[in-house]
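The values are calculated or read from the model by the stated rules, or taken from the named source; none is laboratory data. Not measured: the values here are computed from a predicted model. Don't worry about glycine lacking a Cβ; one is built from the backbone with ideal geometry, like all the others, and counts go over all protein chains shown. Keep in mind that these areas ignore ligands, DNA and RNA; they rest on the heavy atoms of the full protein, side chains included. Shrake-Rupley method; radii C 1.70, N 1.55, O 1.52, S 1.80 Å.
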Amino acid sequence: MFDFAKDFRIGIIISIIALTTIILGAVTDKVLRYFLYRKLSNKEYDATGFKFLKHLIITVIYILGFAFALIQIPEFRIIGHSFLAGAGVISIVAGLASQQALSNIVSGIFLVIFKPFRINDKITINNFVGTVEDINLRQVVLKDAENNRIIIPNSVISAQIIVNTNMHDTKCCKIIEIGIGYESNVEEALEIMKEEVAKHPLFIDTRTAEDKKQKKQLVTARVVALADSSVTLKVWAWSKNSTDGFVMYCDLLQSIKKRFDEANIDIPYPQRVITIKK
């Protein structure tokens, strides 16, 4: 028989539980964000595990709130108790969640444990390049150079090859390859390339004390190929990180081209020599 007073009381209790859960989740999020903000003043602090833990704690709060709300309804009391039972949580989640969702959660846990990348690392996955902005239970968020957000599921990342430019060493080596004409002065071209690299403000000296003692060259430039229409030259330029490396690379292409023009060093178009036999 319909009991209005009882149903009204259950509705009030569920509303209070829902409101408490939302408030507790928001307060927890705010407190953890404040704690993270203070910790980020330390440049050596790794926020990867902390951010993942924050998402996990807030998720648990909402699951518990949902379970307590279910307990108030007699028809769903068994399900609610199953949510609260430690051994039953996994089976309930497995029954209600999709296999893909579980795969993302497990993959996210492994990402945090083994740390192939961290928050603020610059990585390349599936030809997407960006800075890691967040790692949560479902996905990794990258911010690319155009300020777009790239959302990649954790399970996808676990099966991909990852290029991490910040792991252990942030230094970046940019290789500049230019082809010059066969009639041009190769030695002069190599010297111009080395001079332009050495004087760039973002270039760094990576030589060890032993290298300097043995008078190893500051910048290395070599002939690497004799192509169909040109002599291929390469120079190696180091910077402190990939961002500086990209800027330096663009600047050097322009400055080397200018110096080659001044020295009458030709950068030829592709050419073919055709011999017609009579």
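Could you list, in sequence order, all residues of region 114-141 that are of a type outside the set (S, T, N, Q) and more than 15 Å from His55 (Cβ to Cβ)? Scanning region 114-141 gives Phe114, Lys115, Pro116, Phe117, Arg118, Asp121, Lys122, Ile123, Ile125, Phe128, Val129, Gly130. Yes or no: Lys278 out of contact with any Phe, Trp or Tyr (no Cβ under 9 Å at 6 or more places or on another chain) and either exposed (fewer than 14 other Cβ atoms within 10 Å of the Cβ) or among the polar types (S, T, N, Q) (or both)? Yes: the conditions hold for Lys278. Against the numbered list (1) assigned to a loop (DSSP other than H, G, I, E, B); (2) open to solvent by less than 30 Å² (accessible area, probe 1.4 Å), Val141 comes up short only at (1).
The helices (runs of 4 or more DSSP H) located wholly in region 155-266 that include 2 or more residues which are buried (at least 17 other Cβ atoms within 10 Å of the Cβ) occupy 186-199, 242-262. The residues on offer are Ala227, Ala221, and the sole one that is among the small types (Gly, Ala, Ser) and more than 16 Å from Glu188 (Cα to Cα) is Ala227.
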